[in-house]
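Peer 1: Supplied in structure tokens, the structure appears directly below.
Derivation of every value follows stated rules applied to the coordinates shown; laboratory data play no part. These numbers were taken from a predicted model, which means no experiment stands behind them. Don't worry about glycine lacking a Cβ; one is built from the backbone with ideal geometry, like all the others, and counts go over all protein chains shown.
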Amino acid sequence: MRIVNFNKNGVATLGVRRGSEVVDLSLADKSLPRDLAGLLAAGKGALAKAKRAARNAPKRAVIKAPRGILAPIPNPGKIICVGLNYSDHAAEAGMTPPDTPILFLRVPGSVVGHGQRIIRPKASKHFDYEAEMVALIGRRGRNIPKSKALNYVAGYSVANEGSIRDYQMLHGRGSQWTLGKNFDKTGAWGPDFVTADELPAGGKGLKIETRLNGQVLQSSTTSNMIFDTKSLVSWASRVMTLEPGDIILTGTPHGVGFVRKPPIFMKAGDSCEIEIEGIGLLRNPVGAEKR
């Protein structure tokens, strides 16, 4: 099942994609939670109910093309990001592949949804793209064993984990993740949440690609992740309780802009696309922060 969050007369509303159409769940079944985090928290039974509602929806609930696509969860409780999770990316950055996952956090205000502008801040011109698969947590858990970790993943989405490289490396290579990754509206994710049963286990083996103004700059597969999805979920849960609606950005492959010669950075007027096989295409125009 593919779920999208869209703006309906100023109200965030969940819909299920059904071919080229979207079923408005607020009309198909009024008893369902109105937001994705709530739907996930309600358990697998709620997802199954949403699927049935979409299948049996009345005509008045079917929308041809909803406008105003929002992030699947506009304000996730946790945005957990993973650094250097592809060996070829670590190599191009001149770093040794890590022995354990490198985790850091983003704040909700640093990300937007599909079709919304991502913003190059006035403080920098080093605005880099990063294609990443997103794992969405569907169950509450702590100290989750790796063997059971995928039971806590409800599904997947697409992210552009935009980075401000000169701030990220302000005091030494890789030492300022929080600064470089949390400028307002520099990242994006969406447009769809795809339930785990629609994809290979752990989202493994999916082609992942970045295109900037149509030029392919990153092209890899999620099989090349150093730490797979179950490892990341298990590791993160050692530190913090994972809650329904938390998201994990699982790392980016080689081809990022700052290591290219000459470097390639995003600027106002650009269009950046991140596409992951079986999950979808995230497209965002690039704007500049107003001075």
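Peer 1: If all Cα-Cα distances of the range 183-291 are sorted into 10 Å bins from 0 onward, what percent lands in each bin, rounded to whole numbers?
Peer 2: Calculated P(r), rounded to whole percents: 12, 39, 34, 14, 1.
Peer 1: Can you give me the long-range amide H partners of residue 155? Hydrogens built in the peptide plane at 1.01 Å from N, cutoff under 5 Å, separation of 5 or more residues or another chain.
Peer 2: For residue 155, the qualifying residues are 136, 196.
Peer 1: Given the convex hull of the Cα atoms of the chain, what is a quarter of its surface area in nm²? Walk me through the numbers on the way to the answer.
Peer 2: Values: hull surface 58.8 nm².
Computing the convex hull of the Cα atoms and averaging its projections yields 14.7 nm².
Peer 1: Same structure again: Kindly provide the Kirkwood hydrodynamic radius of the range 202-261 in Å, to one decimal, from all pairs of distinct alpha carbon atoms.
Peer 2: Working: mean 1/r = 0.0745 Å⁻¹.
13.4 Å is the Kirkwood radius here.
Peer 1: Considering only DSSP states other than H, G, I, E and B, which trypsin sites (Lys or Arg not before Pro) in the range 25-106 qualify as loop sites with at most 13 other Cβ atoms within 10 Å? Please list the in-between numbers first.
Peer 2: Working: sites: 30, 34, 44, 49, 51, 52, 55, 59, 60, 64, 67, 78, 106; in loops: 30, 34, 64, 67, 78.
Counting only loop positions with at most 13 other Cβ atoms within 10 Å, the trypsin sites (Lys or Arg not before Pro) in the range 25-106 are 30, 64, 67.
Peer 1: Then there's this: Is there a pair in 44/148; 125/261; 49/148; 30/51 whose C-alpha atoms are over 21 Å apart, and which pairs would that be? Can you show the working numbers first?
Peer 2: On the way: 44/148 16 Å; 125/261 16 Å; 49/148 24 Å; 30/51 14 Å.
Going by Cα-Cα distance, 49/148 fall outside the 21 Å limit.
Peer 1: Enumerate the calculated ³J(HN,Hα) couplings along the range 8-19 in order (Karplus 6.51 cos²θ - 1.76 cosθ + 1.60, θ = phi - 60°), each rounded to whole Hz, writing x wherever the residue is Gly or Pro.
Peer 2: My calculation for the range 8-19 gives 10, 6, x, 10, 5, 9, 8, x, 10, 5, 9, x Hz in order.
Peer 1: Any chance you could give the angle, 0 to 90 degrees and rounded to 10, that helix 229-239 forms with the longest Cα principal axis of the chain?
Peer 2: Helix 229-239 sits roughly 80 degrees off the main axis of the chain.
Peer 1: Going by Cα centres, the range 207-247 and the range 85-121 are how many Å apart?
Peer 2: 9 Å
Peer 1: I would also like to ask the following. Shape verdict for the range 60-172, please, from the Cα gyration tensor: rounded (a/c under 1.5), prolate (a/b greater than b/c) or oblate.
Peer 2: Working: a/c = 2.18, a/b = 1.15, b/c = 1.90.
Here the range 60-172 falls in the oblate category.
Peer 1: Okay, next question. If you average the C-alpha positions of the range 262-291 and of the range 1-62 separately, how far apart do those two centres end up, in angstrom?
Peer 2: Comparing the Cα centres of the range 262-291 and the range 1-62, I get a distance of 28 Å.
Peer 1: Let me check against my output: what whole-number percent is the relative contact order of the range 1-110, with C-alpha pairs under 8 Å and at least 6 apart? Kindly include the intermediate steps, with their values, before the conclusion.
Peer 2: Numbers: 161 pairs, mean separation 27.1, N = 110.
25 percent.
Peer 1: Quick check on the chain: of the DSSP beta bridges with both residues there, what percent are antiparallel, nearest 5%?
Peer 2: 85 percent
Peer 1: Along the range 82-90, what does the Karplus equation 6.51 cos²θ - 1.76 cosθ + 1.60 (θ = phi - 60°) give for ³J(HN,Hα), rounded to whole Hz, x for Gly and Pro?
Peer 2: Ordered by residue, 3J(HN,Hα) equals 10, x, 6, 9, 10, 4, 5, 6, 4 Hz.
Peer 1: Based on the alpha carbon coordinates of the range 119-263, what radius of gyration and maximum Cα-Cα distance (Dmax) apply, in Å?
Peer 2: For the range 119-263, the Cα radius of gyration and maximum Cα-Cα distance read 15.9, 45 Å.
Peer 1: Averaging sequence separations of C-alpha pairs under 8 Å and six or more residues apart, then dividing by the length of the range 27-75, give the relative contact order as a whole percent.
Peer 2: Dividing the mean separation by the residue count of the range 27-75 yields 46 percent.
Peer 1: Relative to the present Cα-Cα distance, how much length would full extension add between residue 198 and residue 213 at 0.36 nm per residue of separation?
Peer 2: Working: separation 15, 0.36 × 15 = 5.40 nm, distance 2.97 nm.
That works out to 2.4 nm of additional length.
Peer 1: List every residue whose amide H lies under 5 Å from the amide H of residue 221, counting only residues 5 or more places away in sequence or on a different chain, with H placed 1.01 Å from N in the peptide plane.
Peer 2: 208
Peer 1: Still on this structure, please answer the following. Mind checking the full-extension length gain between residue 148 and residue 34? Use 0.36 nm per residue of separation minus the Cα-Cα distance, one decimal, nm. Please list the in-between numbers first.
Peer 2: Numbers: separation 114, 0.36 × 114 = 41.04 nm, distance 2.86 nm.
Taking residue 148 through residue 34 to full extension adds about 38.2 nm, to one decimal.
Peer 1: Which whole number in µm²/s is D for the range 11-63 by Stokes-Einstein, with the Kirkwood Rh taken over Cα pairs at 25 °C and 0.890 mPa s?
Peer 2: The calculation lands on 226 µm²/s.
Peer 1: With θ taken as phi - 60° and the coefficients 6.51, -1.76 and 1.60, list the Karplus ³J(HN,Hα) couplings across the range 274-290 in order, rounded to whole Hz; mark glycine and proline as x.
Peer 2: Once rounded to whole Hz, the list reads 10, 10, 10, 3, x, 10, x, 10, 9, 10, 9, x, 9, x, 10, 5, 5.
Peer 1: Given only helices, namely DSSP H runs of n ≥ 4 each adding -39500 (n - 2.57), what is the per-residue ellipticity at 222 nm of the chain, to the nearest 500 deg cm²/dmol? Display every interim value, and only then the final one.
Peer 2: Numbers: 7 runs with 48 residues, N = 291.
Using -39500 (n - 2.57) per qualifying helix, the result is -4000 deg cm²/dmol.
Peer 1: May I ask you to derive the relative contact order of the range 79-288, considering only C-alpha pairs under 8 Å and at least 6 residues apart, and to give it as an integer percent? Please report the intermediate quantities before stating the final value.
Peer 2: Working: 551 pairs, mean separation 70.5, N = 210.
Averaging sequence separation for qualifying contacts and normalising by length gives 34 percent for the range 79-288.
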